[in-house]
Amino acid sequence: MVLIRPQASFVALSEAHFSALHVFVRLALWLGMMPPLCAYVGMTKHGWQLGTVEPLMLPKVTIGVICALYFFALLFGFISAAIIGRWMAGTYGATRDLGAHFALLVVVGAPLVLGSLMHLYPDVFLNLLVLVPCLIWSMFLLYRGLPIVLQTTPEQGMLMASSMIGYLFVAFVSLLGISVCLWVYGIGPRLGV
Amino acid sequence: MVLAFTIAAVLWSLIGMAAGVYAAAELVWPALNLDFAPLTFGRLRTVHTNAVLFGFAVSALMGTSFYTVQRTCHIRIFAPNLAWTVFFAWQLIVIAGAVSLFMGANAGKEYAELEWPIDIAITVVWVIYGVVFFGTIAIRRIEQIYISNWFFGAFILVVAMLHIVNSLAIPVSAFKSYSLYAGAQDAIVQWWYGHNAVGFLLTGGFLGMMYYFLPKQSERPIWSYRLSVLSFWAFAYSYIWAGPHHLHFSAIPEWVQTLAMVMSLILLAPSWATMINGIMTVSTARQKLREDPGLKLIVLSLAFYGLAMFEGPMMAIRSVNIISHFTEWTIGHVHSGALGWNALITFGCFYFMVPRLVGQPLWSVRLANIHFWLALAGVMLYVLSMWGAGITQGVLWLSLDELGQVRYGFNEILAALQPYYLLRLLGGSAFFVGAILMSINLFMTISGQRTVTVAPPTTSMRSPAPAAGTP
């Protein structure tokens, strides 16, 4: 529904009241499991396809650890983004209801979760090709949905969405940095470092 | 004169970006160099970096600094003829630099490739620039020196120091010289220069721009003037130490590397303080944001500033750097700063400044809005493709097989990167098309108009400053 008719979904979301726990347990937790699960299946079956003839195969235990950390990183990103959003709400005249922030993030993250099906075949370039349009779609949903769901003016919403994107950029870059650090310390591909 | 600098900056941005797009295309289709030496990647890449850095960025900074210093000091510029000398001499220097690089003359130092005769000319012109800028501050009618002028002042002083120290060389002919420093010392001096050129030119100078144009465009005082002063001194103190993080795992002492890493992490605090100050300044300017395409570009540039200033210190951590160094990730990082921060804030300022300089509204707001989306899409595509390429490259380079041997060959890794290079070319092209649209828009606004001369406000000498944070 939200992927086909976002505007109507945002209006419905703003009129309904969700408790944060309800959204987290019923939706976020399960949606957050999808990317690591797809990555686990893809990595054990096909290995990392980095554009070379021979894929990079990892032991199943290492893949399990990477996917578990991926899951926790996504959950941390989700919860921290909601808390940051709630903190920003005071500046931009938006609602401080944590349930609304959780609900908005679930909707905004939906295209990315859908795109993460591509993890079933973990070719890095193909994943990038699929996830970039999904990311643009998510950004579109954030800009359109934020003022409606969080009940603020479109202009304030535009500013708040830009600030949220700034935070999410940083969270994503942090994920890259943390992943790289884990590889260097032995959780990941065998590297000569 | 400010308009002349603006036009020059726009032209150099087009030339520099065209060279960049062509060089990016050469990485996808190497035959595009046509076996013609000036078009080979090695030469074209330096023309690209010099044109955007010294042609576009410095011309933009000279123009906006002259604009800002006159308005914030309530006085006409000191020695206008010298200011015109700076304009013409600087354009000649950039042209001579581009020609010499196409000919293959190269000092062999990144971002300091120009040979010694041009280096001497840069020094002379830079001193004249400093005389005009600080001369205007010396005769100001406002007691307080507005924060933008502190940033512009630091930019002028530090770039002079960096350029002179790093360019010391022994000439062996008219077009060739060798650095005065040897080995690891040369590397340390070079990256002290290189990193602080990023710091005081691409960050400090542009923060000067931001602190004047953001409050002006949003018609709001700076959120916290005290924070801007505090972050200025913290920025000036911490940036200067961070250069050796470009030399991790090289033949320089380990404590120098560690110091650079720690100072890079500390640098995050003043950088983000500035970003928060900017975002909070604009957070109440709702109406302006709807009407003003330039303001949207500046707000977006702040997001990219925050990203680049977080990513940089993170990449200075040695555990990250061991994977990221020498990969395309660095190129992505540089462009998230250069395109996302420097170019976007400059474009935003030009959309504000040019209509006021000629007393005409912007020719097309719609075209400026299209430019905004093209720029956002272009820079996103560029950065994401380089993140993908960099991580791939780092992992493949370092991967070992069961026997502990390097698993992948150089050719195989290069072939794996080609799709990312194509994606980068698309991103860069989108950004370039946006810049062309802006050029058309600005030239149509200027076309047939004369510059407006504004008399300085009639305040008495050394009158008290306006409310803090109001430029």
Check your understanding: For chain B, what relative contact order do you get, as a whole percent, if you take Cα pairs closer than 8 Å and at least 6 residues apart?
Key -> 17 percent
Exercise for review: Find the centroid of the Cα atoms in the range A:5-73 and in the range B:252-280, then give the distance between the two in whole Å.
Suggested key: 33 Å
Exercise for review: Report, in whole Å, the centroid distance computed from the Cα atoms of the range A:102-150 and the range B:421-453.
Suggested key: 31 Å
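At 20 °C and 1.002 mPa s, grab the translational diffusion coefficient of chain B from Stokes-Einstein with a Kirkwood Rh over Cα pairs, rounded to a whole number in µm² per second.
Working: Rh = 23.0 Å.
Taking Rh from Cα pairs, D becomes 93 µm²/s.
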Revision key, fill the gap. Over all Cα pairs of the range B:100-177, the Kirkwood radius sets Rh, and Rg/Rh then becomes 1.12
Review point. Rg(Cα) of the range B:389-457 divided by 2.2 N^0.38 Å?
Key: 2.22
Review point. Applying the Karplus parametrisation 6.51 cos²θ - 1.76 cosθ + 1.60 with θ = phi - 60° to the phi angles of the range A:116-122, what ³J(HN,Hα) value in whole Hz is obtained for each residue in order, glycine and proline being reported as x?
Key: 5, 4, 5, 4, 4, 10, x
Point to revise | Sequence-separation-based contact order of the range B:304-402, relative, with Cα cut under 8 Å and 6+ spacing, percent | key: 45 percent
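Return a whole-number percent for the relative contact order of chain A, with Cα pairs under 8 Å and 6 or more residues apart as the contact set.
Working: 221 pairs, mean separation 55.3, N = 193.
Dividing the mean separation by the residue count of chain A yields 29 percent.
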Review point. At what distance in angstrom do the alpha carbon centres of the range B:76-148 and the range B:24-74 lie from each other?
Key: 15 Å
**Study point:** Packing-based order for B:371-378, B:167-174, B:70-77, using average beta carbon neighbours within 10 Å, highest first
**Key:** B:371-378, B:70-77, B:167-174
Exercise for review: Which order do the peptides B:182-190, B:235-243 take when ranked by the mean count of other beta-carbon atoms within 10 Å per residue, highest first?
Suggested key: B:235-243, B:182-190
Check your understanding: Taking the Cα atoms of the range B:317-435, what is the range of coordinates along each of the three principal axes, in descending order and whole Å?
Key -> 72, 28, 15
Check your understanding: How far is helix A:29-46 tilted off the main Cα axis of chain A, in degrees rounded to 10, range 0 to 90?
Key -> 20 degrees
Review point. What's the angle, to the nearest 10 degrees (0 to 90), between helix B:328-337's Cα axis and the longest principal axis of chain B?
Key: 0 degrees
Review point. Given 10 Å bins starting at zero, what is the percent of C-alpha pairs of the range B:20-148 in each, up to the one with the largest pair distance?
Key: 12, 35, 25, 17, 9, 2, 0
**Study point:** Directionally averaged shadow of the range B:66-120, computed from the convex hull of its alpha-carbon atoms, nm²
**Key:** 4.9 nm²
Exercise for review: Give me the Debye-computed log₁₀ of I(q)/I(0) at q = 0.08, 0.09, 0.15 Å⁻¹ for the range A:6-184, equal point scatterers on Cα only, no solvent, two decimals.
Suggested key: -0.27, -0.34, -0.87
Check your understanding: What percentage of all Cα-Cα pairs in the range A:126-193 are separated by more than 19 Å?
Key -> 52 percent
Practice item. Let me see the pair-distance distribution of the range B:161-303: every alpha carbon pair, 5 Å bin width, integer percents in order. Key: 2, 9, 16, 16, 14, 11, 10, 8, 7, 4, 2, 0, 0
**Study point:** Positive dipole terminus of chain B, leading residue within B:Tyr211, B:Leu300, B:Trp241 (C-beta point charges)
**Key:** B:Tyr211
Point to revise | Helix B:410-446 vs. chain B, principal-axis angle (Cα, 0 to 90°, nearest 10) | key: 20 degrees
Point to revise | the protein assembly as shown - Debye-derived log10 I(q)/I(0), Cα point model, q = 0.06 Å⁻¹ | key: -0.34
Review point. Taking the range B:115-238 as the region of interest, what is the percent of Cα-Cα pairs per 5 angstrom bin, listed from the shortest bin to the one with the maximum distance?
Key: 2, 10, 16, 18, 18, 13, 9, 7, 4, 2, 1, 0
Practice item. Report, by chain and number, residues whose modeled amide H sits under 5 Å from the one on A:Asp123, excluding near sequence neighbours (fewer than 5 apart, same chain). Key: A:Gln49
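Dipole size in debye (nearest 20) for the range B:316-471 around its Cα centre, Lys and Arg Cβ +1, Asp and Glu Cβ -1? Present the calculation step by step, with values, prior to reporting the outcome.
Numbers: 7 positive and 4 negative charges, 163 e Å.
Using only the charged Cβ atoms, the result is roughly 780 debye.
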**Study point:** Cα gyration tensor shape for the range B:226-331, rounded if a/c is under 1.5, else prolate or oblate
**Key:** oblate
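Quick note: the coordinates plus some simple rules give every number you see, no bench work behind them. Computed from a predicted structure; not experimentally measured. Because the Cβ atoms are built from the backbone with ideal geometry, glycine has one as well, and the counts that use them run over all protein chains shown.
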